[in-house]
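Below is one structure; the comments refer to it alone.
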Amino acid sequence: AQSVAQPEDQVNVAEGNPLTVKCTYSVSGNPYLFWYVQYPNRGLQFLLKYITGDNLVKGSYGFEAEFNKSQTSFHLKKPSALVSDSALYFCAVRDMRGNTGKLIFGQGTTLQVKP
Amino acid sequence: DAMVIQNPRYQVTQFGKPVTLSCSQTLNHNVMYWYQQKSSQAPKLLFHYYDKDFNNEADTPDNFQSRRPNTSFCFLDIRSPGLGDAAMYLCATSRDRPDTQYFGPGTRLTVL
């Protein structure tokens, strides 16, 4: 079965410290992986994606993610967290069954950055 | 700026009273998706259009319908809303099915 897991419901970091939001996946074949961020009462904003190529993907707002095939992980990282990064983060993988383009989302991780 | 627009942002309806949510896009994308998201849970795909081709998810209730009269617009119709249909409804578009999906701001539906 294809799935995405975000093992942490919440991550707390101090402003200026590095942050990591974890994501692991299970798919058949090569994965298409995405990170989205959602602020309260807003839609999802695309941060970055991995399709192929370099394992380190750089995205919006200083975020990056590292694809690790052997560990089936795609963790989101940022070297220095900002209070404004506080939001709900979703990892997603494209469902490769059929041709729907459907995204399978993890349950989300709330990032809390404290001043 | 090219974008995905959803109207209204907040919608209140009564139990059993039909409601229509609207999505429009200026991206000229081929694919439009409707997701339901409850209480900060993961978004759940209801259905999508590839051009005029409608694709329903197997577990989407019959109470939910959709229309796409042209490339730019897509509507979500809830025929008889129940209390359990209160949620955030998200519209997304992509140029083609394998491509990145871009989301609108969402419509928060309240059912009284």
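Residues in the stretch B:31-59 that are crowded, with 18+ Cβ neighbours inside 10 Å and either touching a Leu at 6+ places or on another chain (Cβ under 8 Å) or more than 12 Å from every other protein chain (Cβ to nearest Cβ) (or both): B:Y33, B:W34, B:Y35, B:Q36, B:Q37, B:P43, B:L45, B:L46. Give me a count of the residues in the stretch B:8-30 that are polar (S, T, N, Q), within 13 Å of chain A (Cβ to nearest Cβ) and open to solvent by 50 Å² or more (accessible area, probe 1.4 Å). Residues meeting the conditions: 1.
May I ask you to verify whether B:A87 is at pLDDT 95 or above and out of contact with any helix residue (DSSP H, G or I) (no Cβ under 9 Å at 6 or more places or on another chain)?
Numbers: at pLDDT 95 or above: yes; out of contact with any helix residue (DSSP H, G or I) (no Cβ under 9 Å at 6 or more places or on another chain): yes.
Spelling it out, B:A87 is indeed at pLDDT 95 or above and out of contact with any helix residue (DSSP H, G or I) (no Cβ under 9 Å at 6 or more places or on another chain).
Summed over the stretch A:76-107, the residues that are open to solvent by less than 40 Å² (accessible area, probe 1.4 Å) and more than 14 Å from every other protein chain (Cβ to nearest Cβ) give a count of 4.
Can B:P81 be described as modelled with pLDDT of 95 or more, surrounded by fewer than 21 Cβ atoms within 10 Å (Cβ to Cβ) and away from chain A (no Cβ under 14 Å)? Here the answer is no, as B:P81 does not meet what is asked.
Scan the stretch A:50-75 residue by residue and report those that are open to solvent by 10 Å² or more (accessible area, probe 1.4 Å) and among the polar types (S, T, N, Q). Passing the criteria: A:T52, A:N55, A:S60, A:N68, A:S70, A:Q71, A:T72.
Which of the residues spanning the stretch B:85-99 are part of a loop (DSSP other than H, G, I, E, B) and at the interface with chain A (Cβ under 8 Å from one of its Cβ atoms)? Let's see the steps before the verdict.
Going residue by residue through the stretch B:85-99, those that are part of a loop (DSSP other than H, G, I, E, B) are B:86, B:95-99.
Scanning the stretch B:85-99 gives B:D96, B:R97, B:P98, B:D99.
On the stretch given as the stretch A:30-74, residues that are charged (D, E, K, R), more than 10 Å from chain B (Cβ to nearest Cβ) and farther than 21 Å from A:Q112 by Cβ total 4. From the list A:V83, A:V37, A:V27, the one residue that fits, being in contact with a Leu (Cβ under 6 Å, 6 or more places away or on another chain) and among the β-branched types (V, I, T), is A:V37. Of the numbered conditions (1) more than 21 Å from B:F103 (Cβ to Cβ); (2) modelled with pLDDT of 95 or more, A:V37 satisfies every one except a single condition; which is it? Exception for A:V37: condition (1).
The values are calculated or read from the model by the stated rules, or taken from the named source; none is laboratory data. Because the structure is a prediction, the values reported are computed rather than measured. Ideal geometry is used to build each Cβ from the backbone, glycine not excepted, and the neighbour counts take in all protein chains shown. Each accessible area value is taken on the protein alone, full model and side chains, heavy atoms only, with ligands, DNA and RNA left out. Shrake-Rupley method; radii C 1.70, N 1.55, O 1.52, S 1.80 Å.
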